[in-house]
Amino acid sequence: MTQAHILETAKTIALEAGELIKHGFESDKSIDLKSSTIDLVTNYDRAAEALIRQRLNSAFPDHLIVGEEEGADEGESPHVWYVDPIDGTTNFTHGVPFFCVSIAMYTNNKPAVGVIYDPIQQELFYGSAGDGAFVQSSSGTIKQLQTTNTATLNQALLGTGFPYDRATSDLDNLEQISRIVKQCRGLRRLGSAALDLAYVAAGRLDGYWEFKLNMYDVGAGILLVQEAGGVVCNIDGGTPFTPADVVHLVASGPELKDVLLNQL
Ligand code: LIP
């Protein structure tokens, strides 16, 4: 099966799951707590992941899936899918229209295919290794993604976020925020790591960093940024992650990475 076919299948699944969560956004929903009172999951997170798993298992029965709500499949395969059925669940739950479906396939721990769909803006971000990254708009137009060449913080619009365990964690991002916000053009906490990364790939954000993310949050966004000419690394500047890790991630255009790392 070609990479192009795998990408097209992932796009179709993301669009279908996106329509489900868009319906959920406009509907009553049940809300449960996960790791803390600020870590939410809805019936639509679960339903969307079930739908995505059913479609992936049907199309690629020998692949493995790691999903935010149902966890990691057991077994061995060089092909692993990272699925966040609703990235931005807090926004989704509170009626803030900024969330997405994020689906990525890694082969031998390297990004192969990535798709992020924002069903509110009807923007489909997608890419595959070596083939570039693109966004298809609601009107159907397709634009290639390209990170910016911004090289200084005072010209940079940045994104970030906070971990769910920030009430007790030493790595709560507050020291970093207080240092960087005084130097950058603007700082945004948009509430979806996947869309933050898609926006870096699209040149809408010049850079993004966040601690304690999971691969299902960022798997697709990592590929998009890399295929858009950007760089993604761990907070210590190391090369991308063995997907089992919790991720302290920095993503930006090529000129801003070291500037950001020096502040973190
Ligand atoms: C969320 C991320 C967000 C981060 C949250 C959480 P979820 O993903 O998109 O950027 O700050 O802690 O990880 O839980 O909505 O899929």
**Prompt:** What value, in deg cm²/dmol to 500, does the helix sum -39500 (n - 2.57) over DSSP H runs of n ≥ 4 give at 222 nm once divided by the residues of the chain?
**Reply:** -9500 deg cm²/dmol
**Item:** Potential extension, Asp131-Phe98 segment - 0.36 nm per residue separation minus Cα distance
**Value:** 9.2 nm
**Prompt:** How long is the gain from Leu15 to Glu175 if the chain were fully straight, where each residue apart is worth 0.36 nm and the alpha carbon distance is subtracted?
**Reply:** 53.8 nm
**Request:** Given the options Tyr106, Tyr199, Tyr164, state which has the largest fluctuation in a GNM of the chain using a 10 Å cut-off (strictly under) for Cα springs.
**Result:** Tyr164
**Request:** Using R₀ = 51 Å, calculate the FRET efficiency as 1/(1 + (r/R₀)^6) where r is the Cβ-Cβ separation of Ala72 and Asn149; round to 0.05.
**Result:** 0.85
**Item:** Contour minus Cα-Cα distance for Thr242 and Arg188 (0.36 nm per residue)
**Value:** 16.7 nm
**Asked** Considering the alpha-carbon set of the chain alone, what are its Rg and its Dmax in angstrom?
**Response** 17.2, 50
**Complete:** Residues whose modelled amide H sits under 5 Å from the amide H of Ser77, counting only those 5 or more places away in sequence or on another chain, are none
**Complete:** The rounded separation in angstrom of the Cα centers of segment 50-94 and segment 127-173 is 22
**Sequence-distant residues sharing a close amide H with Ala112 (under 5 Å, placed H)** = Met105, Tyr106, Thr107
**Computed FRET value (nearest 0.05) for Ser58 with His23, which takes r as the C-beta separation and R₀ as 22 Å** = 0.50
**In segment 157-264, the trypsin sites (Lys or Arg not before Pro) that fall in loop regions by DSSP, at most 13 other Cβ within 10 Å** = Lys182, Arg185, Arg189
**Asked** What's the local net charge at Asp196, with K and R +1, D and E -1, over the other residues with C-beta under 13 Å away?
**Response** -3
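Here, each number is a calculation from the coordinates, and none is a lab measurement. Everything quoted here is computed from the prediction, not taken from an experiment. Backbone-built Cβ (ideal geometry, glycine too); neighbour counts: all protein chains shown.
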